[in-house]
1. Could you check the stretch A:92-125 and list, in sequence order, the residues that are free of Cβ contacts under 8 Å to residues at least 12 places away in the same chain and not in a helix (DSSP H, G or I)?
2. Condition first: modelled with pLDDT under 85 and in a loop (DSSP other than H, G, I, E, B). Now tell me which residues in the stretch B:190-221 satisfy that.
3. Quick check, is residue A:128 out of contact with any strand residue (DSSP E or B) (no Cβ under 7 Å at 6 or more places or on another chain), without any contact (Cβ under 8 Å) to a residue 12 or more places away in the chain and either closer than 25 Å to residue A:210 by Cα or not in a loop (DSSP other than H, G, I, E, B) (or both)?
4. I need the full set of residues from the stretch B:52-106 which are part of a helix (DSSP H, G or I), facing chain A (nearest Cβ under 10 Å) and more than 14 Å from the chain's Cα centre (by Cα), in order please.
5. Taking residue B:115 as meeting all but one of (1) touching a residue at least 24 places away in the same chain (Cβ under 8 Å); (2) crowded, with 19+ Cβ neighbours inside 10 Å; (3) farther than 29 Å from residue B:92 by Cβ, write down the number of the exception.
6. Can you go through A:284, A:238, A:234 and tell me which one is touching a residue at least 60 places away in the same chain (Cβ under 8 Å) and more than 12 Å from chain B (Cβ to nearest Cβ)?
7. Can residue B:181 be described as within 14 Å of chain A (Cβ to nearest Cβ), surrounded by fewer than 23 Cβ atoms within 10 Å (Cβ to Cβ) and touching a helix residue (DSSP H, G or I) at 6+ places or on another chain (Cβ under 9 Å)?
8. Only one of (1) at pLDDT 90 or above; (2) over 23 Å from residue B:248 (Cβ atoms); (3) out of contact with any strand residue (DSSP E or B) (no Cβ under 7 Å at 6 or more places or on another chain) is not met by residue B:8, so which one is it?
């Protein structure tokens, strides 16, 4: 297992390098220059050239990339174009709220999806099952921005149950209850898409498990239906579900960017949107690297979890 | 051992039917039925082994599953020790499962891959509140020794054992609750030939040790002949013939039985030149069985009456020999 992990991590290094390279190229392919944004409309071409030189943008793209890499090897992600703050500091300030939002959403999504998936599987091809499948289809299809705005309109503006955005009520300390009430709507938006997809996985996985011979064996033993469902079927059904967590995480990162923007959640997502608007290449590259590492780590953890939940899987 | 006449049967299957609906279209309208088991009756006496034989799709496994109510019968009755289990409530059936067990065909798929052998075996004892966890595990260890598996298998997962070992686990599992009747559904057909004999011998030994009654389902005549006291021959969901093993092999009365015996490969090369009966055509669909005798489409002796009238299962030569044929064979088997 240890040698497997080391090998996986070593394989990960070129993958991450590739991701950063492609990203760097995409960012630089966009027409225009960040300097345009930081100078007044009356700036002369000399001003533009001076600003670009200060930002290191006057060199060829590959030299820029190599410079970025060299910095990275020194543990330095550079400084923000906008406000000269170190990128590591900017990300460190924003990662907490994002982890809180994504983690809560993931937990909520699974707590909702697994029981509903089991429920639908046990009543497959009934009205209840069709209802669950239909609702999950709706949940997958509705875009984050639409659901988010609809939530704000109904629950924040019309009913006034929850705040429209932010993480704490400004000037009122931000106690636990205050934080929770700010968390509810964005979590619902993010968790909906994840849970909707997960319900379908759990349902089909449980239906598959219920059809297995060992379930017939369990019935022949005279076990109670709850034991057959929760012990014999669920344990096997969760194996494929576990593998989806890694994929879900990448979807969650994408969803968080939109959701944070809508709810003005002070996390990485909001920082991303702001940095794209400001053409802040340094911050974007830093965020990108962190996201790539997160997805890579999630997939690695998924594979480890796979070995834990399935005794037939052993890594060497 | 053959049961004596005056002992009452442990299992009485009467006119058992199991139809599967054929659904089609958007609203899943039922357009017909597959008659997997179509009016099967037989008795099983305490301590004997009844073999059910027939080709694939004849309904023998469905019969086996219906006997232990892993599937509800469409109609008919299954009397186990006087109780009709076909109509028993789920809760009462669950308690009765301690008496009726099944050994499954596929030792790979029928054991839950997530559960260690020890827990797998201990589970029914704990579920039926016979023993606590520790006691059940001790019993499991004992049972493993009985079926000839090393004690350290207790902490193994099913995938770590070979096919033969897994089938021994399947047998041990069925024995854990000390049932009276075990339905063995093709217990050796998934195993290598060399392992088949070991498992058959194990089943025989266990029968003596625990006084078990078996219903043994197989398409292999060799295994059936070796283990059964009596044989039920099935074709297309119906019983064609039933008699003691010796009777069936010496004096088959039904043309289908004769053909089935004839199709059995002859191990002695010097005897391979004998004339063989060749049957033509395929088995008709159980969704649309032929009228009259279901075998008439392939029977070399079929007459007009066979095409219109269903033959009933009648006594033919000896009280325990029954055959469903308008023209039972008279000659000795070749």
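The values are calculated or read from the model by the stated rules, or taken from the named source; none is laboratory data. The model shown is predicted, which means the values in this text are computed figures rather than measured ones. Note that we place each Cβ from the backbone using ideal geometry, even for glycine, and neighbour counts take in every protein chain shown.
1. A:123, A:125
2. Within the stretch B:190-221, B:190, B:191, B:192, B:220 meet the criteria.
3. For residue A:128, the condition - out of contact with any strand residue (DSSP E or B) (no Cβ under 7 Å at 6 or more places or on another chain), without any contact (Cβ under 8 Å) to a residue 12 or more places away in the chain and either closer than 25 Å to residue A:210 by Cα or not in a loop (DSSP other than H, G, I, E, B) (or both) - is met.
4. Hits for the stretch B:52-106 are B:90, B:91, B:93, B:94, B:95, B:96.
5. All conditions are met except number (3).
6. Of the residues listed, the single one that is touching a residue at least 60 places away in the same chain (Cβ under 8 Å) and more than 12 Å from chain B (Cβ to nearest Cβ) is A:284.
7. Taking the combined requirement at face value, the residue satisfies it.
8. (1)
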